[in-house]
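Read-outs: derived from the displayed coordinates by stated rules, not from any lab. A quick note: this is a predicted structure, and the numbers were derived from the prediction, not measured. With ideal geometry, Cβ positions are generated from the backbone for all residues, glycine too; neighbour counts draw on all protein chains shown.
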Ligand SMILES: Nc1ncnc2c1ncn2[C@@H]1O[C@H](COP(=O)(O)OP(=O)(O)OP(=O)(O)O)[C@@H](O)[C@H]1O
């Protein structure tokens, strides 16, 4: 039996695109309530990993278990229904709909009463700090707000695990600080969080543990202190980024 604290188990995961392995032999265990950072140079396989866990890509090989259940062949909406939500690197709100409508659509997956669904959606919008923009059309929001809307849309599905793909990408310093606070708030509420982030300062200060991918392989897995002082990681990745000193 799987230990109670293990929520997500990835074993020997691999994805080949036309014979080229984007990910190969990756093992990752995520425990309930953990905030796990995932780093790696461009093309390391981070988004491919997220796409496999959330059902957008079928693994070529390997096992993905969520609460002891094999989910590797489930469709994205089934994976969402069992409690794993994600954001996308490129945010994809329904541009013509309001903030509240965008989030309500997610809640309607499990709450069929529209008024109740709107009430739940309002709470999610407040949680991400967009309460002043409930009725604003999504396409007219600045990027920082659209990223938070993307978070609210993921939260609307009432997930146990949320996978955040570069939610700080393209944000200015103030927006980044706000997003970091939001991630901390969600973590403090008990959500399990997987975070892909190129902003090394943000990732290192938020994460409890960090997995490093490099050319599709897992190069390291440890605490932020272990990762920052790992010579292989420094050579393969951190050493090429001035932010690594943070
Ligand atoms: N649909 C696809 N078809 C072919 N190759 C792909 C596909 N998706 C990803 N790849 C390749 O797989 C490798 C890993 O890509 P992936 O986007 O997962 O990396 P990443 O670590 O998320 O990169 P970045 O930090 O730039 O977002 C890359 O070599 C990429 O070109």
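Side notes on the structure shown:
- Computed from Cα atoms, the angle from the helix 173-188 axis to the main principal axis of the chain rounds to 90 degrees.
- Coordinate range of the alpha-carbon atoms in the chain per principal axis, descending: 52, 40, 37 Å.
- For region 2-60, the alpha-carbon coordinates run over 38, 23, 19 Å along the three principal axes, in decreasing order.
- FRET E, pair residue 205, residue 12, Förster distance 22 Å, beta-carbon r, rounded to 0.05: 0.10
- Helix 114-127 and the longest principal axis of the C-alpha atoms of the chain enclose an angle of approximately 50°.
- For region 19-125, the Kirkwood radius over C-alpha pairs fed into Stokes-Einstein at 25 °C and 0.890 mPa s yields D = 152 µm² per second.
- When the helices of the chain are scored as -39500 (n - 2.57) per DSSP H run of n ≥ 4 and the total is divided over every residue, the value at 222 nm lands at -10000 deg cm²/dmol.
- Cα long-axis angle, helix 143-155 against the chain (0 to 90 degrees, to the nearest 10): 90
- Region 127-221 pair-distance distribution - Cα-Cα, 5 Å bins, rounded %: 2, 12, 24, 24, 18, 12, 5, 2, 1, 0
- Cα-based radius of gyration of region 59-175 once divided by 2.2 N^0.38 Å, which approximates compact folds: 1.12
- Each Cα pair under 8 Å and six or more residues apart adds its sequence gap; the mean of these over the residue count of the chain is a relative contact order of 24 percent.
- The Cα atoms of region 167-241 cover 32, 27, 22 Å along the three principal axes, with the biggest extent listed first.
- Modelled spin labels at residue 94 and residue 67, positioned 7 Å past Cα toward Cβ, are 2.8 nm from each other.
- The gain in end-to-end length when the residue 234 to residue 181 segment is fully stretched comes to 16.3 nm, 0.36 nm per residue minus the alpha carbon separation.
- For the chain, share of DSSP beta bridges that run antiparallel, in % to the nearest 5: 55
- For region 77-144, convex hull volume per residue from C-alpha positions, Å³: 99
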